[in-house]
Amino acid sequence: TAPTASNTISVYSDAYTDITGVDYNPGWGQATVYSTESIANNNVIKLAGLNYQGIDFSGNAQDVSGLDTLHIDYWTADSTAFNFYLVSTGPAETAYAVTPTTGSWQSLDIPLSSFSGVDLADVIQMKLGEGNGTVYLDNLYFYSSAPATAPTTAPTAPTASNTISVYSDAYTDITGVDYNPGWGQATVYSTESIANNNVIKL
């Protein structure tokens, strides 16, 4: 199923723009045979004969400390175990143990708190280790599961032609408007510009 997370740092996914400078098959002496395949017009990584496999982006280290979850989709017919690692400069690495479910795509949402000891402001690699069988991977990305606390885009510009506007960048507002009358409210009024569009913040 195509992912829909809105605040992401993507390492491998057709659904998002991946970070640059990723080596999906660094030569670390692994026996694993790396390849990519297109399944139902969707690109996936295939790791055949998995013992271990790295994904290296040390030339473009990622600060994921503002996010809280690592997402992984995997499929296997025969793997009985593998560990998924995050690695920061040092190296400092921590493993998350996966006991695979076979025969169907599985989605893992791993709390980043699971990777204690890893500097989440300086993540440079991912790694699968202590594995076996053949494992397909897709949708490797970090995201925030917390709801957004502020918008990052502007609302769709209105197009009504016969209006009386009280507050809008799209129209000429009526005059004599006090947007923050002193009525004893505790509300803190301010205005902000979001994507070059002025909004009221209460």
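The values are calculated or read from the model by the stated rules, or taken from the named source; none is laboratory data. Just so we're clear, the structure is a prediction, and the values are computed from it rather than from any experiment. Because the Cβ atoms are built from the backbone with ideal geometry, glycine has one as well, and the counts that use them run over all protein chains shown. Keep in mind that these areas ignore ligands, DNA and RNA; they rest on the heavy atoms of the full protein, side chains included. Shrake-Rupley method; radii C 1.70, N 1.55, O 1.52, S 1.80 Å.
Rounded to the nearest 0.05, what FRET efficiency do residue 104 and residue 150 have when you use their Cβ-Cβ distance and R0 = 25 Å?
On the way: r = 38 Å, r/R0 = 1.51.
For R0 = 25 Å, the calculated efficiency reads 0.10.
Given a 1.4 angstrom probe, I'd like the percentage of the accessible area of the range 41-158 that is carbon and sulfur, rounded to a whole number.
Working: 2560 of 5240 Å².
With neighbouring chains kept in place, the figure for the range 41-158 is 49 percent.
Between residue 89 and residue 40, the distance separating the two model label sites (each 7 Å from Cα on the Cα→Cβ line) works out to 4.1 nm.
Per-residue extension of 0.36 nm, minus the Cα-Cα distance of residue 200 and residue 188, leaves a gain of 3.3 nm for this segment. Ellipsoid fit via the Cα gyration tensor, the chain: semi-axes of 46, 19, 15 Å, each the root of five times an eigenvalue, largest first.
Express in % the proportion of alpha carbon pairs of the range 1-62 at distances exceeding 14 Å.
Details: 1196 of 1891 pairs.
That tail contains 63 percent of the Cα-Cα pairs.
Based on protein heavy atoms only, the chain ends up with 56 Å² per residue of surface accessible to a 1.4 Å probe.
Length gained on full extension, residue 7 to residue 31: 5.1 nm, using 0.36 nm per residue less the C-alpha separation.
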